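Participant: Pasting a structure here, questions to come.
The values are calculated or read from the model by the stated rules, or taken from the named source; none is laboratory data. What you see is a predicted model; the values in this text were computed from it and never measured. Positions of Cβ are generated from backbone atoms using ideal geometry, with glycine treated the same way; all protein chains shown enter the neighbour counts.
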Amino acid sequence: MLWRNSASAAPPNPAPFTSMSILDEIFAHKRREVAENRRVRSLAEMERTAQLTPSPLDFVSALKVARDRYNSPALIAEIKRASPSRGLLASHLDPPALARLYGENGAAGISVLTDCHYFLGSLDDLTAVVHAGTGLPVLRKDFICDPYQVFEARTAGA
(Lines give C-alpha, C1' and ligand atoms only; values in the text may rest on other atoms or scores of the structure.)
Protein backbone atom coordinates (compact mmCIF):
# COMPACT_ATOMS: atom_id res chain seq x y z
CA MET A 1 0.00 0.00 0.00
CA LEU A 2 1.27 3.43 -0.86
CA TRP A 3 0.86 6.15 1.70
CA ARG A 4 -1.24 9.05 0.49
CA ASN A 5 -1.25 12.47 2.06
CA SER A 6 -4.96 12.91 2.69
CA ALA A 7 -7.21 13.38 5.69
CA SER A 8 -8.57 9.82 5.40
CA ALA A 9 -5.23 8.07 4.98
CA ALA A 10 -2.70 7.55 7.73
CA PRO A 11 1.00 6.89 7.37
CA PRO A 12 2.13 3.28 7.79
CA ASN A 13 2.53 2.05 11.35
CA PRO A 14 6.08 2.40 12.66
CA ALA A 15 8.14 -0.75 13.14
CA PRO A 16 7.49 -2.50 16.48
CA PHE A 17 10.83 -1.74 18.12
CA THR A 18 12.54 1.08 19.91
CA SER A 19 15.35 2.98 18.23
CA MET A 20 17.88 2.14 20.90
CA SER A 21 17.13 -1.58 20.87
CA ILE A 22 17.62 -1.90 17.12
CA LEU A 23 20.75 0.28 17.20
CA ASP A 24 22.19 -1.83 20.02
CA GLU A 25 21.39 -4.97 18.03
CA ILE A 26 22.95 -3.58 14.84
CA PHE A 27 26.15 -2.50 16.59
CA ALA A 28 26.50 -5.86 18.37
CA HIS A 29 26.09 -7.65 15.05
CA LYS A 30 28.52 -5.25 13.36
CA ARG A 31 31.19 -5.83 16.02
CA ARG A 32 30.91 -9.61 15.47
CA GLU A 33 31.05 -9.13 11.70
CA VAL A 34 34.20 -6.98 11.91
CA ALA A 35 35.86 -9.48 14.27
CA GLU A 36 35.21 -12.25 11.74
CA ASN A 37 36.54 -10.11 8.87
CA ARG A 38 39.70 -9.42 10.88
CA ARG A 39 40.24 -13.18 11.29
CA VAL A 40 40.03 -13.63 7.53
CA ARG A 41 42.18 -10.61 6.64
CA SER A 42 44.31 -8.78 9.20
CA LEU A 43 44.14 -5.07 9.90
CA ALA A 44 47.75 -4.69 8.74
CA GLU A 45 46.99 -6.41 5.44
CA MET A 46 43.84 -4.33 4.93
CA GLU A 47 45.78 -1.15 5.69
CA ARG A 48 48.52 -2.07 3.16
CA THR A 49 45.92 -2.75 0.49
CA ALA A 50 44.15 0.53 1.21
CA GLN A 51 47.42 2.43 0.83
CA LEU A 52 47.87 0.93 -2.66
CA THR A 53 44.35 1.89 -3.75
CA PRO A 54 44.11 5.00 -5.97
CA SER A 55 42.97 8.14 -4.17
CA PRO A 56 39.22 8.71 -4.15
CA LEU A 57 37.53 11.76 -5.60
CA ASP A 58 37.37 14.73 -3.23
CA PHE A 59 33.91 14.66 -1.66
CA VAL A 60 34.11 18.10 -0.05
CA SER A 61 35.19 19.74 -3.31
CA ALA A 62 32.38 17.98 -5.18
CA LEU A 63 29.84 19.33 -2.69
CA LYS A 64 31.19 22.87 -3.05
CA VAL A 65 31.18 22.69 -6.86
CA ALA A 66 27.58 21.41 -6.90
CA ARG A 67 26.48 24.05 -4.40
CA ASP A 68 27.99 26.80 -6.53
CA ARG A 69 26.68 25.36 -9.81
CA TYR A 70 23.08 25.06 -8.64
CA ASN A 71 23.13 27.91 -6.09
CA SER A 72 21.59 25.57 -3.53
CA PRO A 73 22.70 22.89 -1.08
CA ALA A 74 24.43 19.97 -2.75
CA LEU A 75 22.63 16.63 -2.91
CA ILE A 76 24.20 13.37 -1.75
CA ALA A 77 22.09 10.59 -3.27
CA GLU A 78 21.71 7.27 -1.46
CA ILE A 79 21.70 3.69 -2.68
CA LYS A 80 19.79 1.57 -0.19
CA ARG A 81 18.13 -1.81 -0.70
CA ALA A 82 16.36 -2.17 2.66
CA SER A 83 16.08 -0.79 6.18
CA PRO A 84 15.14 -2.33 9.53
CA SER A 85 12.19 0.03 9.90
CA ARG A 86 10.77 -0.19 6.36
CA GLY A 87 11.90 -3.63 5.21
CA LEU A 88 12.76 -4.29 1.57
CA LEU A 89 12.83 -1.07 -0.46
CA ALA A 90 14.17 -2.33 -3.79
CA SER A 91 14.38 -6.03 -4.62
CA HIS A 92 16.08 -5.67 -8.02
CA LEU A 93 18.35 -2.70 -7.46
CA ASP A 94 21.10 -2.00 -10.01
CA PRO A 95 23.51 0.22 -8.04
CA PRO A 96 25.68 1.35 -11.01
CA ALA A 97 22.62 2.26 -13.11
CA LEU A 98 21.04 4.11 -10.20
CA ALA A 99 24.31 5.97 -9.54
CA ARG A 100 24.45 7.06 -13.19
CA LEU A 101 20.84 8.25 -13.00
CA TYR A 102 21.63 10.21 -9.84
CA GLY A 103 24.65 11.79 -11.54
CA GLU A 104 22.64 12.73 -14.63
CA ASN A 105 20.17 14.50 -12.36
CA GLY A 106 22.61 16.65 -10.42
CA ALA A 107 23.79 14.61 -7.43
CA ALA A 108 27.11 15.81 -6.03
CA GLY A 109 28.02 12.43 -4.54
CA ILE A 110 26.73 8.95 -3.87
CA SER A 111 26.25 7.28 -0.48
CA VAL A 112 26.11 3.48 -0.60
CA LEU A 113 24.67 1.43 2.28
CA THR A 114 27.09 -1.45 2.78
CA ASP A 115 25.59 -3.27 5.76
CA CYS A 116 24.55 -6.68 4.46
CA HIS A 117 22.52 -8.00 7.39
CA TYR A 118 20.09 -5.14 8.06
CA PHE A 119 20.24 -3.09 4.85
CA LEU A 120 21.09 -5.82 2.29
CA GLY A 121 24.00 -3.76 0.95
CA SER A 122 27.61 -4.75 0.37
CA LEU A 123 31.08 -3.47 -0.34
CA ASP A 124 30.55 -5.00 -3.81
CA ASP A 125 27.71 -2.49 -4.32
CA LEU A 126 30.09 0.31 -3.35
CA THR A 127 32.82 -0.92 -5.70
CA ALA A 128 30.32 -1.26 -8.55
CA VAL A 129 29.18 2.33 -8.00
CA VAL A 130 32.79 3.57 -7.90
CA HIS A 131 33.34 1.91 -11.30
CA ALA A 132 30.00 3.07 -12.79
CA GLY A 133 31.65 6.01 -14.56
CA THR A 134 29.68 8.77 -12.87
CA GLY A 135 32.68 10.92 -12.00
CA LEU A 136 31.10 11.40 -8.57
CA PRO A 137 32.73 10.68 -5.22
CA VAL A 138 31.32 7.71 -3.32
CA LEU A 139 31.09 7.23 0.43
CA ARG A 140 30.38 4.18 2.53
CA LYS A 141 27.33 4.41 4.76
CA ASP A 142 27.44 1.80 7.49
CA PHE A 143 27.69 1.39 11.24
CA ILE A 144 31.38 2.13 11.70
CA CYS A 145 32.74 0.78 14.98
CA ASP A 146 36.32 -0.11 14.05
CA PRO A 147 39.17 1.45 12.02
CA TYR A 148 39.21 -1.79 10.01
CA GLN A 149 35.99 -0.69 8.32
CA VAL A 150 37.58 2.56 7.15
CA PHE A 151 40.32 0.57 5.42
CA GLU A 152 37.66 -1.74 3.94
CA ALA A 153 35.86 1.30 2.53
CA ARG A 154 39.08 2.73 1.15
CA THR A 155 40.01 -0.60 -0.45
CA ALA A 156 36.55 -0.71 -2.07
CA GLY A 157 37.13 2.73 -3.61
CA ALA A 158 35.42 5.11 -1.19
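Participant: Out of all the residues in region 35-42, is one or more surrounded by 15 or more Cβ atoms within 10 Å (Cβ to Cβ) and in contact (Cβ under 8 Å) with a residue 60 or more places away in the chain? Even if it seems obvious, please write down each step before you answer.
Facilitator: In the first step, residues of region 35-42 are kept if they are surrounded by 15 or more Cβ atoms within 10 Å (Cβ to Cβ); the result is 37.
Then keep just the ones that are in contact (Cβ under 8 Å) with a residue 60 or more places away in the chain; that gives 37.
For region 35-42, residues surrounded by 15 or more Cβ atoms within 10 Å (Cβ to Cβ) and in contact (Cβ under 8 Å) with a residue 60 or more places away in the chain: present.
Participant: Only residues in region 10-29 that are closer than 15 Å to D115 by Cβ and part of a helix (DSSP H, G or I) count as the first member; pair them with residues that are at pLDDT below 70 and not charged (D, E, K, R), Cβ under 6 angstrom, at least 6 apart or cross-chain, and list the lot.
Facilitator: none
Participant: So which helices (runs of 4 or more DSSP H) stay within region 43-121 end to end and still have 3 or more residues that are under 26 Å from F151 (Cα atoms) and among the aliphatic types (A, V, I, L, M)? Lay out the reasoning, then the answer.
Facilitator: Working: elements: 43-52, 59-70, 95-104, 116-119.
Filter on region 43-121 gives 43-52, 59-70, 95-104.
Participant: Do we find that G157 is at pLDDT 95 or above and crowded, with 19+ Cβ neighbours inside 10 Å in this structure?
Facilitator: Working: at pLDDT 95 or above: yes; crowded, with 19+ Cβ neighbours inside 10 Å: yes.
Yes: the conditions hold for G157.
Participant: Can we say L139 is hydrophobic (A, V, I, L, M, F, W, C), touching a Phe, Trp or Tyr at 6+ places or on another chain (Cβ under 9 Å) and within 16 Å of F59 (Cα to Cα)?
Facilitator: Working: hydrophobic (A, V, I, L, M, F, W, C): yes; touching a Phe, Trp or Tyr at 6+ places or on another chain (Cβ under 9 Å): yes; within 16 Å of F59 (Cα to Cα): yes.
Judged against the criteria, L139 is a match.
Participant: Quick one: in region 89-108, which of the residues that are over 15 Å from the mean Cα position of the chain (by Cα) and of a type in the set (A, V, I, L, M) is nearest to A132 (Cα to Cα)? Spell out how you get there, then give the answer.
Facilitator: Keep residues of region 89-108 that are over 15 Å from the mean Cα position of the chain (by Cα), which gives 91-92, 97, 100-101, 103-106.
From what is left, the residues that are of a type in the set (A, V, I, L, M) are 97, 101.
Working: A97: 7, L101: 11 Å.
Across region 89-108, the extreme among qualifying residues is A97.
Participant: Given the structure, is L126 under 21 Å from R48 (Cα atoms) and part of a strand (DSSP E or B)?
Facilitator: Details: under 21 Å from R48 (Cα atoms): yes; part of a strand (DSSP E or B): no.
Answer is no for this residue.
Participant: Follow-up. For region 129-153, what are the residues that are surrounded by fewer than 21 Cβ atoms within 10 Å (Cβ to Cβ), in a helix (DSSP H, G or I) and in contact with a strand residue (DSSP E or B) (Cβ under 9 Å, 6 or more places away or on another chain)?
Facilitator: Q149, V150, listed by residue number.
Participant: Starting from residues that are exposed (fewer than 11 other Cβ atoms within 10 Å of the Cβ) and on the phi < 0 side of the Ramachandran plot, keep the ones in region 65-88 and report whichever is nearest to the chain's Cα centre (by Cα). Let's see the steps before the verdict.
Facilitator: The first filter runs over region 65-88 and keeps only residues exposed (fewer than 11 other Cβ atoms within 10 Å of the Cβ), leaving 68, 71-73, 87-88.
Filter once more, keeping what is on the phi < 0 side of the Ramachandran plot: 68, 72-73, 88.
Working: D68: 25, S72: 23, P73: 20, L88: 15 Å.
Out of the qualifying residues, it is L88.
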